[in-house]
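What follows is one structure encoded as structure tokens, with my remarks underneath.
The values are calculated or read from the model by the stated rules, or taken from the named source; none is laboratory data. Note that the structure is a prediction, hence the values are computed from the model and not measured. Quick reminder, even Gly has a Cβ in these numbers, built from the backbone with ideal geometry, and neighbours come from all protein chains shown.
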Amino acid sequence: MEYFLQQLINAVTLGAIYGLIAIGYTMVYGIIGMINFAHGDIFMVGSFIALIGFILCVMLGIGWAPLAILLVLLLAMVFTAVYGWAVERLAYRPLRGSFRLAPLISAIGVSIVLQNFVQLAQGARPKPNKEVVHGAMRLYEANGFAVNLSYIQVIIVVVTVALMAGFTLLINRTALGRQQRACEQDMKMAALLGVDVNRTISLTFVMGAALAAVAGMMFLMYYGVTDFFVGFLAGIKAFTAAVLGGIGSLPGAMLGGLLIGLIEVFWAGYFSSEYKDVAAFSVLVMVLIFRPTGLLGKPEIEKV
Amino acid sequence: MTGSLIQVDHLTMRFGGLVAIDDVSFAAEPKQITAIIGPNGAGKTTVFNCITGFYRPTVGRLSMRHDGHEYLLERMRGYQIAARARVARTFQNIRLFPGMSVLENLLVAQHNRLMRASGYTLLGVLGLSGYRTAEARAVDKARGWLDRIGLMAHADRQAGELPYGSQRRLEIARAMCTDPRLLCLDEPAAGLNPRESGELNELLLSIRDRDGIGVLLIEHDMSVVMAISDHIVVLDYGRKIADGTPAAVRADPAVIRAYLGEADEGEGAGHG
Amino acid sequence: MALAAARTAPAASTFDWLAAVKDAAITALLAAALGLFMVGFRTADRGAAGLQFDYQFTDLLIACVAIFLGRLALTAASKGMAWLTLLIGAALLAAAQGLKLPSDFLTVVISLAGLALLLHAAWALLRGSSAGAAAIADVSGRVNAATVRLFPWLGAGMLAFAVALPFMPFADQQVMDLGILILTYVMLGWGLNIVVGLAGLLDLGYVAFYAVGAYTYALLSTQNGWSFWAALPAAGVLAAMFGVLLGFPVLRLRGDYLAIVTLGFGEIVRIVLLNWVDFTQGPAGIGSIPTATILDHPFVESPPEGKVAFHQWLGLEFSANHRLIVLYFIILVLALITNGVTIRLRRLPIGRAWEALREDETACQALGINPTNTKLTAFAIGAMFAGFAGSFFAAKQRFISPESFVFIESAIILSIVVLGGMGSQLGVVLAAVLLIGLPEWFRDLGQYRMLAFGLAMVLIMIFKPRGLVAHRDPTIRLHPPSGRGSPS
């Protein structure tokens, strides 16, 4: 029971991180129908910028954790967003109207470029980060086993929930959100009605990248380490989360992230940690075969 | 109506809450041209998609009869409908294989027969002569159709390079190369100029008379419909509102209402 | 982007300096924002002190200046000021070669950029003059016609070269190794070409089938004593079965979903190989795999009792190179079989159905073609060739571990197919030589090889989405091709 609770807490934390990345996949897929294969690497870039930000904070003597976190959060979001914008502008926009698989192949190329760029610029070794937030709350103790909720876990979940709420408001209430939904429905028509489609798509990438940066920072704070390759696995799992939740659906992305977090943590906790990635991939395969629209997705009616 | 080629009974198709087709029944006879007409959004293409297996109908029976067999289309997978029930179709927005040559398009249509002849590829890889004669026959058949649609000279060109009207004719020829008993054409005259439209009429009449194939036709161009149809089914808002010979349908008050609107509204879309 | 603009607007009347400089400045600023943290602050582990920064602001500054100039030059070229482009290109090239830049990376990239600008400007200048334009149109028309006509000859020439290579005086061990490497990728590229190029199924887990083949031979030979030739068919069949096993449930998925699922499958195979230690020896890999032999003649100077060594059998002087030469011919033959079968299949109904599926799946269904079965055959046959290649790889390396079968291998094979021109057999060869051969030759580039790979994939998609060889010959003709003699 205690073990179960502890795993549950860990799973929710991990799920929050996956959910944040998954939103980027789901939004981009919703609006231009492509799998942004490089999104996981944007997350990785975010974690690196956060790492550098934290080191800078230490150098500048900003010791108070909340301030440091806020500063690094902003820094990572802004500068990772530039990556998101640039990738769309340089590698995807010229391909609109090209053949079906062109954007995906280009995205694979971008993914390779980002990984190797970071490896060249920052080195291949894993980068440890000094712990930013220490300590944990002891929730419950029995049978010699303590259930802990670390402060960092609290921060991750709280920030994620806050961002999700803000984000849902943004999509549902603002003109930008309306334009995004219009582009999802019919890009040509939206353009005819005066929606700046290019700008809307750019902003979608910017927002997705900013959220991925938050996830990258959380990841760094939670595991205390990052390297140039973390984006690959995290990206695929987050994509799985997006598909599981129903690609194109924001709540679905969060739900999917949570479920993938649960599956992974419990699989590792109760079966074998070696095969935890196999579990996530198997879920992806199963979902795509048996329920390709995901849990909260709308069925696609193919126009003939 | 036991002699019907295809019998559609109580066909209903819902998408979520939207009823696209509501309890439509009609039949198409062999060696006749049956037209389905109706205003935009009446559900004509949805009927086609149900018949050809692209949609699974919510309710209804689609019974196709030929050569002494009966096929219940609503239970069959899309490709089986073409392969076994022998229903071929064309699409509203032409769907050729644009990067392949005209001749290749017509050979792909004879895929199943050629696959058998190639021993499901195994014998074909070894280059046995049985396949070569089968392929020669397939090429002959394609040649016959190229001649009929006037594209013989363009046989080796990419299908996507052909002018629009030729693509339309090629798509019909490709459908015919599958040896259908029923040919479903989704707006074949759309975008054709009057001369091409006239040629299309002749082609469709020859498919009926020379090949003895039943044709099911969705068309907006009333000059085509009235000139060549033996039988017309009129849909409006997913329901059948009339069914009969061209003369009878033309005089039907329900049809006039559907096309021209209620008399007191006084406005209407001017079809035909 | 700028290159695309250059094509549409060859010459504008006036050159707006202010706008061009502003545009270039914005681009440079963007690059600065991208590089500020990643390049400017290089993190380095200082033991007890933890991570510290090595500042590289000079690098960043140089890169941004170069980008500013490069962007300006491209704008200039697109506005009919090719001489400015020429000037900047020359300046960048000279600076990169003449000055001592802080890193090799900058030297390489800026030199290449300068060279590209020079060529671009020269091209623009040539096209700008009316005589030049006419000449270009004439030459390019003739070259296009000629290359199409030359393709069969080119293929024959390359084949002749490939056969003759081991007997060339310069064919030392290094050359043979490289030849084998390239041919392995050619074979993999041809195999994947069936799946991606012909059937249009984006398979990102192709390396899994390669792994299946490699492990099949490795295990059968080390545990059961099978010879290479006995295990080869088994490896192919097993890989094909894996292909069917994976393909059956997933081939109904849309293209991009399929891509991700195959990627997941590739990773699953790798993780299983890594963790099923009893069976695969896990990360330690399998060693002392017997090499492939001809009629069981070992490649040793003094053979064991009762065996005849390869050189004795042929009555040659012993040479360590014999093994490589034999392996070279084995992979050459395997690759040629792949090619031959593919060419044959393309002319059979199944091959035409693959291409038709790639073009329009809905139309295929309407013609009575069973899409799942058709895709499945493509998947299985592609997997089979990967299986063959895999067991060859095991026999050549004599050691395999899961590390050889990572996603990036799939990506490399895919980029060979994409760069070559999807569906083009000749294109695969050219691309394999270009992508595998060149980086091996220019060892300096090694570090930047993957970067170049990724960049190439993006650039090809943007500027030449149909690849190096975009030409497609119909599989059957009604009328003989006009005025071309081709040795079929």
All conditions in (1) surrounded by fewer than 23 Cβ atoms within 10 Å (Cβ to Cβ); (2) assigned to a helix (DSSP H, G or I) are true of A:Gln115 except (1)
Residue list for the stretch C:419-434, restricted to those being farther than 19 Å from C:Val148 by Cα and surrounded by 24 or more Cβ atoms within 10 Å (Cβ to Cβ): C:Ala432
Taking the options B:Leu114, B:Leu96, B:Leu103, name whichever one is within 20 Å of the chain's Cα centre (by Cα) and facing chain C (nearest Cβ under 8 Å). B:Leu96
Filter the helices (runs of 4 or more DSSP H) completely within the stretch B:54-169 down to those with at least 3 residues that are farther than 21 Å from C:Ala199 by Cα. B:129-149
Selected residue [over 15 Å from the mean Cα position of the chain (by Cα) and within 27 Å of C:Leu426 (Cβ to Cβ)] from C:Tyr215, C:Tyr210: C:Tyr210
Filtering the stretch A:231-241 down to residues that are out of contact with any Gly (no Cβ under 6 Å at 6 or more places or on another chain) and buried (at least 24 other Cβ atoms within 10 Å of the Cβ), which residue is nearest to A:Tyr92 (Cα to Cα)? A:Phe239
Which numbered condition A:Gly63 fails, given (1) assigned to a helix (DSSP H, G or I); (2) more than 14 Å from chain C (Cβ to nearest Cβ): (1)
Helices (runs of 4 or more DSSP H) wholly inside the stretch C:363-470 containing at least 1 residues that are at pLDDT 90 or above, of a type in the set (Gly, Ala, Ser) and under 11 Å from the mean Cα position of the chain (by Cα): C:407-420, C:425-432
Please find, within the stretch C:92-112, the residue that is farthest from the chain's Cα centre (by Cα) out of those that are assigned to a helix (DSSP H, G or I) and surrounded by fewer than 15 Cβ atoms within 10 Å (Cβ to Cβ). C:Gly98
Odd one out for C:Arg352 among (1) crowded, with 24+ Cβ neighbours inside 10 Å; (2) more than 14 Å from chain B (Cβ to nearest Cβ); (3) of a type in the set (D, E, K, R): (2)
Output for Cβ contacts, cut-off 7 Å, separation at least six or different chains, first residue among the basic types (Lys, Arg) in the stretch A:220-238, second in a helix (DSSP H, G or I) and at pLDDT below 90, reads A:Lys237/A:Ala280
Based on what the data block shows, is B:Arg77 at the interface with chain C (Cβ under 9 Å from one of its Cβ atoms), modelled with pLDDT under 90 and closer than 15 Å to C:Gln365 by Cα? yes
Going through C:Leu263, C:Leu238, C:Leu246 one at a time, which residue ends up being crowded, with 22+ Cβ neighbours inside 10 Å, away from chain A (no Cβ under 14 Å), in a helix (DSSP H, G or I) and not small (Gly, Ala, Ser)? C:Leu238
Quick count over the stretch C:249-260, residues being in a helix (DSSP H, G or I) and either more than 7 Å from chain A (Cβ to nearest Cβ) or surrounded by 18 or more Cβ atoms within 10 Å (Cβ to Cβ) (or both), is 6
Would you list the helices (runs of 4 or more DSSP H) that sit entirely within the stretch A:203-304 and hold 2 or more residues that are at the interface with chain C (Cβ under 10 Å from one of its Cβ atoms)? A:230-245, A:276-290
Pairs with Cβ under 8 Å, 6+ apart, first in the stretch C:167-191 and of a type in the set (Asp, Glu), second modelled with pLDDT under 95: C:Asp172/C:Asn321; C:Asp177/C:Leu324
Residue selected from the stretch C:308-349 under the condition polar (S, T, N, Q) and within 14 Å of chain B (Cβ to nearest Cβ), by the criterion farthest from C:Leu178 (Cα to Cα): C:Thr342
Within the stretch A:122-173, track down each residue that is of a type in the set (Lys, Arg) and either within 29 Å of C:Thr43 (Cα to Cα) or outside any helix (DSSP H, G or I) (or both). A:Arg125, A:Lys127, A:Lys130, A:Arg138
Taking the condition surrounded by fewer than 18 Cβ atoms within 10 Å (Cβ to Cβ) and modelled with pLDDT of 90 or more, does B:Thr178 pass? no
